[in-house]
Amino acid sequence: MKSRSWFTMINGVLVCSIAVLLAAALVQAEELPLVVKEDFDGSGGQLPESWVVLPRGGSSDTPDISKEQALSGEYSLRIWRTRNAVNMTNWVAIQFTPLKERAVISFSFWASDVQRSLVMSLIGSDQPMNSLMGGEAGPFLVLRNGALQNYDTAFWDIAPYVPEKWYRVSIDIDVTAAVFDVYVDGEKANFVPLKYRNNKVSDIAAFGIGFHAASNTAGYLPVYIDDFEVRGK
């Protein structure tokens, strides 16, 4: 079997394959020290102790552990909302060792629909946990109108998604430059580096996730998260 070449001859010039280089970057990310690994199976159907609940907007809806969908094992994290109740839920979040150079946050998601629903963000060690939910966050991603999007001062499409399918997402953050790339199923999804919502975030030390639907009737069906992982230094 022939090995795949990293280079292509074009008009007599040896050109390196961009796709191969991008894939290599993600492989290098897997060589970073492992900081957090969570498949949501080790706590007997309860939220793992390392995750905390952040109340928001007077909601009574809190992400929980479910057997309804799981990519590996029996359980996954389920984020859901009561229809016709407030348009947001409480969040769940996890803190970890502050990462000052590079941080790679990976997880798989399964969405029930394409309504604006899931919001996920990261903050630094100098910020209170409630900063995850608003303008003080660094990387700030959403599922909205059938796309995974970044929000800095506006919404920017990163990659489309369809309901009822698992996707693997990796957020690869250059902490010193305050920019990041997003990989979906191992392929880089953005053409230019993505910006933080708040570029004053100096390290990466916490991840949070919750629902924030466009209205109290839309965006209430569950989104499931599995195989969460943090690597970095």
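The values are calculated or read from the model by the stated rules, or taken from the named source; none is laboratory data. Only a predicted model underlies this, so the values are computations on that prediction, with no experimental measurement involved. Quick reminder, even Gly has a Cβ in these numbers, built from the backbone with ideal geometry, and neighbours come from all protein chains shown.
Scan segment 8-33 for residues that are at pLDDT 95 or above and surrounded by fewer than 12 Cβ atoms within 10 Å (Cβ to Cβ) and jot them down. Hit for segment 8-33 is 33, nothing else.
Filtered by the rule that a residue be among the hydrophobic types (A, V, I, L, M, F, W, C) and under 14 Å from residue 148 (Cβ atoms), segment 165-202 gives 166, 169, 171, 180, 182, 184, 189, 194. Among the residues of segment 47-69, those that are more than 29 Å from residue 102 (Cα to Cα) and either surrounded by fewer than 12 Cβ atoms within 10 Å (Cβ to Cβ) or outside the structural domain of residue 80 (by TED's automatic domain parsing) (or both) comprise 58, 60, 67. Does any residue of segment 90-113 turn out to be modelled with pLDDT of 85 or more, closer than 25 Å to residue 180 by Cβ and in contact with a Pro (Cβ under 7 Å, 6 or more places away or on another chain)? Checked segment 90-113: at least one residue is modelled with pLDDT of 85 or more, closer than 25 Å to residue 180 by Cβ and in contact with a Pro (Cβ under 7 Å, 6 or more places away or on another chain). Residue 169 meets all of the listed conditions (1) surrounded by fewer than 20 Cβ atoms within 10 Å (Cβ to Cβ); (2) in contact (Cβ under 8 Å) with a residue 12 or more places away in the chain but one, namely (1). Of the residues making up segment 42-72, those that are assigned to a loop (DSSP other than H, G, I, E, B) and touching a residue at least 60 places away in the same chain (Cβ under 8 Å) number 8. On inspection, residue 121 qualifies as surrounded by 21 or more Cβ atoms within 10 Å (Cβ to Cβ), modelled with pLDDT of 95 or more and under 26 Å from residue 83 (Cα atoms).
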